[in-house]
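Shown below is the structure under consideration.
The values are calculated or read from the model by the stated rules, or taken from the named source; none is laboratory data. For clarity, every value in this text was computed on a predicted model and none was experimentally measured. Here the Cβ positions follow ideal geometry from the backbone for every residue, glycine too, while neighbour counts run over all protein chains shown. Just so you know, the surface numbers come from the protein's heavy atoms only, side chains and all, with ligands and any DNA or RNA stripped out. Shrake-Rupley method; radii C 1.70, N 1.55, O 1.52, S 1.80 Å.
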Amino acid sequence: MDTLQTYDELPYDSLPLPETQPDFLAAMATLHGYESPTSGRMRVLELGCASGGNLIPLAFHHPESDFVGIELSCAQAEAGARFVAELGLGNVRIVHGDLAALPVGLGKFDYIIAHGVFSWVPAAVRQALLCVCREHLTPNGLAYISFNVAAGWQKWLPLRERLLAATDANLPAPQRLAQALALLSQLETDCDDALLLQEIEHLKTAAPSYLFHEYLAEVNAPMAFADFTRQLANEGLQYVAEVGPRRAMVELENAWGLAPALINMRWMEAECALDEVLQTRFRRALISRNDAPPAYPAQSLQLSVLAFYCDLTSEAEIDLDTACEQEFINAAGNRFCVAHPLLKAALMALSAAYPVALSYSELIQNAQTCMTHFNAKGSRDETDFRDALFNLVLVHGVHVALERRAHTDVVESPPRAHALARLQAATPGWVVSGVRHVALGLDAPARALLAMLDGTQTLDQLTLAMQTMLQASGVDVEGETVSQLIQQKIEWFARQGLLQAKSANI
């Protein structure tokens, strides 16, 4: 196949995926007792990389490492290659190709990423993907494979069948999408199923590419976890961890002294049971070659060797005196309930340090210092704290890493954003990504400002330029107000790791 026509017509959003960061994957593997590759110099392969929205930022922030992307959509591969060339990155290349027929000489990789591929390709290509992982992973390398899970998808397959039947597969993707949206509106008026109504509302407001490629694509093959692990075993691979957010975790009782094979069998059975209970719809699995040492269910004791980061806020005054539940909110609007006073103090410390990660000992020390500073009377029990932190890590309220990652939030004059941020901001359709590989929601004026920060314009010049741009769009704002807003936004850019020192050559 020369290209993937539907992805040319309706490309999937090409976004940074925080859970695919090699450092995060290595830390999650460590939680499961797996010794992963070092996160220093590494080789990373992404299968189905779209236009590189995930791969290119990883390459930019790891200039010492090598990155390769394979994409079947010719339009997306070419867009990614153009972006790489304009950015001038020499450590990443995006290749138009088929993962079932990879270019020769690719070599071995420490990390392989396949997001949004496995469930959406024919069975032969799924097998080929697993063969790529077996053949191209280093001995202790890790592969990230996301897939749809049968337990959570069974309810929605009839809806997919109705949409497939009601739309013309011969039409271009945008026209077929319009047919699907019309049917959803019709179903909405006659539906009394609350869950179905919720799904319809989600599909009508989601990115068009999501609706098309989940519900109208030729292949969407949800798989039971047991079948997935069986296929892994057939290809010489093994399951290491789930790296997506989890609402529950596997705990094996009375497992002491059991042989590794028996522990693994009980673990896999428990994962299958969890999927059924939780109606799991989507998994982000971490896998390795089966000649590497086996992993085990995650253990909170492993937290002591990791580092942590988060960017959370609270709408209420934080109570460090009692174990009352309080909500903390991340930039995506996700809410996390936290009760343990020492963990609340830890979240304050982590958010103050963001995007730098704190080691476990630093986190404990900073949280204790915060409690002392506020003369807090709440519990400082470190065992309970560790367990509460572990649960928050599993739901991605706090993220884990192996490295602290150097960062400066000093705003020099004139301010200068790094090359990746400027190009992302200036390129229509590209998402700006922070240093922690998160998509940053920027409105048009913020994107315009970021693109201007090339280190040649003073605050006064930036103020005049932005004021002129706003006036041209019919918005009249006083210069002093514009200046204040620019300063606030630049400080926020600095916090997200978008700025660079004058000495940096990027």
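Consider Gly48 against the criteria (1) open to solvent by less than 10 Å² (accessible area, probe 1.4 Å); (2) under 30 Å from Leu440 (Cα atoms); (3) in contact with a Leu (Cβ under 8 Å, 6 or more places away or on another chain): it satisfies all of them except one. Which criterion is unmet?
Tallying (1) open to solvent by less than 10 Å² (accessible area, probe 1.4 Å); (2) under 30 Å from Leu440 (Cα atoms); (3) in contact with a Leu (Cβ under 8 Å, 6 or more places away or on another chain), Gly48 fails exactly one: (1).
Next question. Does Phe308 qualify as being outside any helix (DSSP H, G or I), in contact with a strand residue (DSSP E or B) (Cβ under 8 Å, 6 or more places away or on another chain) and of a type in the set (Phe, Trp, Tyr)? Please lay out each step first, then the result.
Values: outside any helix (DSSP H, G or I): yes; in contact with a strand residue (DSSP E or B) (Cβ under 8 Å, 6 or more places away or on another chain): yes; of a type in the set (Phe, Trp, Tyr): yes.
The answer is yes for Phe308.
Right, next: Conditions first: (1) modelled with pLDDT under 95; (2) in contact with a strand residue (DSSP E or B) (Cβ under 6 Å, 6 or more places away or on another chain); (3) among the hydroxyl-bearing types (Ser, Thr, Tyr). Ser300 passes all but one, so which condition is the exception?
Exception for Ser300: condition (2).
State whether one or more residues within segment 369-377 are modelled with pLDDT of 95 or more and within 23 Å of the chain's Cα centre (by Cα).
For segment 369-377, residues modelled with pLDDT of 95 or more and within 23 Å of the chain's Cα centre (by Cα): absent.
In addition: Applying the selection to segment 395-423, what residues are crowded, with 19+ Cβ neighbours inside 10 Å, in a helix (DSSP H, G or I) and touching a residue at least 40 places away in the same chain (Cβ under 8 Å)?
Of everything in segment 395-423, those that are crowded, with 19+ Cβ neighbours inside 10 Å, in a helix (DSSP H, G or I) and touching a residue at least 40 places away in the same chain (Cβ under 8 Å) turn out to be Leu420, Ala421, Leu423.
Answer with yes or no whether Leu15 is among the hydrophobic types (A, V, I, L, M, F, W, C), within 22 Å of the chain's Cα centre (by Cα) and either under 20 Å from Leu402 (Cβ atoms) or part of a helix (DSSP H, G or I) (or both). Quick ask: steps written out before the conclusion?
Details: among the hydrophobic types (A, V, I, L, M, F, W, C): yes; within 22 Å of the chain's Cα centre (by Cα): yes; either under 20 Å from Leu402 (Cβ atoms) or part of a helix (DSSP H, G or I) (or both): no.
Spelling it out, it is not the case that Leu15 is among the hydrophobic types (A, V, I, L, M, F, W, C), within 22 Å of the chain's Cα centre (by Cα) and either under 20 Å from Leu402 (Cβ atoms) or part of a helix (DSSP H, G or I) (or both).
So which of Val250, Val240, Val219 ends up being under 22 Å from Gln279 (Cα atoms), in a strand (DSSP E or B) and not acidic (Asp, Glu)?
On the way: Val250 fails: in a strand (DSSP E or B); Val219 fails: in a strand (DSSP E or B).
Answer to the selection: Val240.
I'm trying to understand the selection: among the residues of segment 41-62, which are within 14 Å of the chain's Cα centre (by Cα), hydrophobic (A, V, I, L, M, F, W, C) and assigned to a loop (DSSP other than H, G, I, E, B)?
Once the filter is applied, which keeps residues that are within 14 Å of the chain's Cα centre (by Cα), hydrophobic (A, V, I, L, M, F, W, C) and assigned to a loop (DSSP other than H, G, I, E, B), segment 41-62 yields only Cys49.
For segment 163-178, which residues satisfy the criterion of being in contact (Cβ under 8 Å) with a residue 12 or more places away in the chain and within 31 Å of the chain's Cα centre (by Cα)?
Leu163, Leu164, Pro172, Ala173, Pro174, Arg176, Leu177
Something else: Only one of Trp156, Trp120 is crowded, with 19+ Cβ neighbours inside 10 Å, in contact with a helix residue (DSSP H, G or I) (Cβ under 7 Å, 6 or more places away or on another chain) and more than 30 Å from Val68 (Cβ to Cβ); which?
Details: Trp120 fails: more than 30 Å from Val68 (Cβ to Cβ).
Result: Trp156 is the single residue among Trp156, Trp120 that is crowded, with 19+ Cβ neighbours inside 10 Å, in contact with a helix residue (DSSP H, G or I) (Cβ under 7 Å, 6 or more places away or on another chain) and more than 30 Å from Val68 (Cβ to Cβ).
If you take the residues in segment 159-195 that are polar (S, T, N, Q) and part of a loop (DSSP other than H, G, I, E, B), which one is surrounded by the fewest Cβ atoms within 10 Å (Cβ to Cβ)? Break it down into steps so the answer makes sense when it comes.
The first filter runs over segment 159-195 and keeps only residues polar (S, T, N, Q), leaving 167, 170, 175, 179, 185-186, 189.
Remaining after also requiring part of a loop (DSSP other than H, G, I, E, B): 167, 170.
Working: Thr167: 21, Asn170: 7.
This residue is Asn170.
Still on this structure: Considering every residue within segment 76-83, establish whether at least one is touching a helix residue (DSSP H, G or I) at 6+ places or on another chain (Cβ under 9 Å), at pLDDT below 95 and over 30 Å from Tyr296 (Cα atoms).
To start, the set of residues in segment 76-83 that are touching a helix residue (DSSP H, G or I) at 6+ places or on another chain (Cβ under 9 Å) comprises 76, 80, 83.
With at pLDDT below 95 added as a condition, the list becomes 76.
If we keep only those that are over 30 Å from Tyr296 (Cα atoms) too, we end up with 76.
Yes, segment 76-83 has at least one match.
Restricting attention to segment 268-290, which residues are under 21 Å from Asn234 (Cβ atoms) and of a type in the set (Gly, Ala, Ser)?
Those that are under 21 Å from Asn234 (Cβ atoms) and of a type in the set (Gly, Ala, Ser): Ala285, Ser288.
Let me ask another. Give segment 350-363 a look and list any residue that's part of a helix (DSSP H, G or I) and open to solvent by 20 Å² or more (accessible area, probe 1.4 Å), or say none.
Filtering segment 350-363 down to residues part of a helix (DSSP H, G or I) leaves 350-353, 360-363.
Correct list: Ala352, Ala353, Tyr360, Ser361, Glu362.
Please give the number of the condition Leu320 fails out of (1) among the aliphatic types (A, V, I, L, M); (2) at pLDDT 95 or above; (3) within 25 Å of the chain's Cα centre (by Cα).
Of (1) among the aliphatic types (A, V, I, L, M); (2) at pLDDT 95 or above; (3) within 25 Å of the chain's Cα centre (by Cα), only one is false for Leu320: (3).
Which ones in segment 89-117 are out of contact with any Lys or Arg (no Cβ under 8 Å at 6 or more places or on another chain), buried (at least 17 other Cβ atoms within 10 Å of the Cβ) and under 14 Å from His136 (Cβ atoms)?
Result: Leu99, Ala100, Leu102, Ile112, Ile113, Ala114.
Which of the residues belonging to segment 93-119 are modelled with pLDDT of 95 or more and either part of a helix (DSSP H, G or I) or basic (Lys, Arg) (or both)?
Correct list: Arg93, Lys108, Phe118, Ser119.
Of all residues in segment 65-80, which are part of a helix (DSSP H, G or I) and open to solvent by less than 40 Å² (accessible area, probe 1.4 Å)? It would help to see each step written out before you state the result.
From segment 65-80, those part of a helix (DSSP H, G or I) are 74-80; that's our starting set.
Answer for segment 65-80, where residues must be part of a helix (DSSP H, G or I) and open to solvent by less than 40 Å² (accessible area, probe 1.4 Å): Cys74, Gln76, Ala77, Ala79, Gly80.
Another question, if that's okay. State yes or no: is Glu199 exposed (fewer than 14 other Cβ atoms within 10 Å of the Cβ) and in contact (Cβ under 8 Å) with a residue 24 or more places away in the chain?
Working: exposed (fewer than 14 other Cβ atoms within 10 Å of the Cβ): no; in contact (Cβ under 8 Å) with a residue 24 or more places away in the chain: yes.
Criteria not met by Glu199.
A follow-up question, please. Could you run through segment 299-339 and say how many residues are open to solvent by 40 Å² or more (accessible area, probe 1.4 Å) and of a type in the set (A, V, I, L, M, F, W, C)?
Matching residues across segment 299-339 total 9.
Assess whether Val277 counts as being closer than 29 Å to His437 by Cα and either out of contact with any helix residue (DSSP H, G or I) (no Cβ under 7 Å at 6 or more places or on another chain) or open to solvent by 40 Å² or more (accessible area, probe 1.4 Å) (or both).
On the way: closer than 29 Å to His437 by Cα: no; either out of contact with any helix residue (DSSP H, G or I) (no Cβ under 7 Å at 6 or more places or on another chain) or open to solvent by 40 Å² or more (accessible area, probe 1.4 Å) (or both): yes.
Against the criterion (closer than 29 Å to His437 by Cα and either out of contact with any helix residue (DSSP H, G or I) (no Cβ under 7 Å at 6 or more places or on another chain) or open to solvent by 40 Å² or more (accessible area, probe 1.4 Å) (or both)), Val277 does not qualify.
Since Ala388 meets every condition but one in (1) within 24 Å of the chain's Cα centre (by Cα); (2) open to solvent by 50 Å² or more (accessible area, probe 1.4 Å); (3) more than 15 Å from Asp311 (Cα to Cα); (4) aliphatic (A, V, I, L, M), which condition does it not meet?
For Ala388, the exception is condition (2).
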